[in-house]
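Below is one structure, written out as structure tokens; comments come after it.
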Amino acid sequence: MIGRGIGMAWRIYRALLIAFSLPVLLAVYFRRETGNEYGIGLMTKLSLAIRIARNTWRIPSATHFVEHLAMLTSIMNVPASIEGCIVECGSYKGSSTASLSLAARFCGRRLEVFDSFAGLPEPDTTDQTHTILGRHKVHTYAKGSWSGSLEEVRSNLSRYGDISVCHFNAGYFEQTLPTFQQQCVFVFLDVDLRNSLETCLRHLWPWLQDGCCLFTHEAQQSEIASLFWDSAWWSDQLNTVAPGLIGSGTGLGLLPTSGAYRSDIGYTIKKPFVIDYQTVPQTGRAE
Ligand SMILES: C[S@@+](CC[C@H](N)C(=O)[O-])C[C@H]1O[C@@H](n2cnc3c(N)ncnc32)[C@H](O)[C@@H]1O
């Protein structure tokens, strides 16, 4: 009884913490420049945020409302002059898909959705467990988990997103991705397994425009985060350097958990325009 009371108090406290930290966490989302090139103003952003909160509330989801808004911020900041679609691999029941479809509509882009629509494939021995070092947890995986049928996803998109901008690619990534040949400006990989992630990266990285972002939803897992730093893999498979992962091991600090702000999402940038970055000489004097 006391334990349940404490659990409830923590949930309320956490919800309040999230609500009060939104202006900080979403400062870039609400910045005037974000979405400006697409004619997206403050009122549209507020109504988008409400619709996205509703998506994550109504559709069974592995992702959080704040994570969706962080990804929308990235999409709205892609210069309108850069051509390409938005890609999602791993839709489950369509919660993140619905949010990304709204971003696609407002930014005048198409959303390409890849999923088996039958859940995870059989994990091989390296994918049966993944370790989250910072949280002392081990995730386990089994064939068929996280299954959402194409009918369920289509129905959720019709109700909560914009199905008219979506194109569905049904089947295991190994079958559907090799024929995909389109420039893209944003990629979201929520695919759980390292094997699936490798397939997605092999086929999508070459099509991602320079300076654009690729998000993963498994940033806290050692087996996933380490791939983004694995120089040998990137050199062998894609003939490029490992791009690294912002949020490796902890995810972006978006949500309060015991001991730290974390989340499941992290991202990398393809060939970032470092030349435009601010140069800060490290002189030992306070700025
Ligand atoms: C955790 S769920 C995605 C959650 C979703 N993004 C959300 O917001 O609720 C992982 C998804 O990846 C898909 N998946 C993983 N590996 C796959 C593969 N090799 N081929 C096709 N689909 C795969 C599963 O079918 C499942 O829908």
Ellipticity estimate at 222 nm from DSSP helix runs (n ≥ 4, -39,500 (n - 2.57)) divided over the chain, nearest 500
-11500 deg cm²/dmol
Pairs of Cα atoms under 8 Å, at least six residues apart: use those to get the relative contact order of the chain, whole percent.
16
Note down the relative contact order for the stretch 176-254 as a percent, whole number, built from C-alpha pairs under 8 angstrom at least six residues apart.
28
So what's the gap between the Cα centers of the stretch 1-77 and the stretch 160-193, to the nearest angstrom?
24
Efficiency of FRET between GLN278 and ALA27 - r from beta-carbon atoms, R0 22 angstrom, step 0.05
0.80
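Against the empirical 2.2 N^0.38 Å scaling, what ratio does the C-alpha Rg of the chain come to? Don't jump to the answer; show the numbers that get you there.
Values: Rg = 19.0 Å, N = 287, 2.2 N^0.38 = 18.9 Å.
Dividing the Cα radius of gyration by 2.2 N^0.38 Å gives 1.00.
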Using the number of other C-beta atoms within 10 angstrom as an exposure proxy, rank HIS167, HIS136 with the fewest first.
HIS136, HIS167
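Taking other Cβ within 10 Å of each residue's Cβ, how do LYS93, LYS270 sort, fewest first? Spell out each step's value before the answer.
Working: LYS93 20, LYS270 17.
Fewest to most other Cβ atoms nearby, the residues stand as LYS270, LYS93.
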Which value in nm describes the separation of the simple spin-label points at GLU174 and ALA80, placed 7 Å from the Cα toward the beta carbon?
4.3
Gyration tensor verdict on the stretch 101-152 (Cα atoms; rounded if a/c is under 1.5, prolate if a/b is larger than b/c, oblate otherwise):
oblate
List the residues whose amide H sits under 5 Å from the amide H of CYS166, counting only those 5 or more places along or on another chain, with H placed 1.01 Å from N in the peptide plane.
LEU111
With just the Cα atoms of the stretch 161-287, tell me how far they stretch along each of the three principal axes, in Å, largest first.
56, 37, 34
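Take each of the peptides 220-226, 54-60, average the number of other beta-carbon atoms within 10 Å over its residues, and list them starting from the highest.
On the way: 220-226: 20.9, 54-60: 17.9.
Ranking, from highest mean packing down: 220-226, 54-60.
Read the figures in this text as sums done on the coordinates, not as results from a lab. Remember, predicted model here, so these are calculated numbers, not experimental data. Cβ sites come from the backbone with ideal geometry, for glycine too, and all protein chains shown count toward neighbours.
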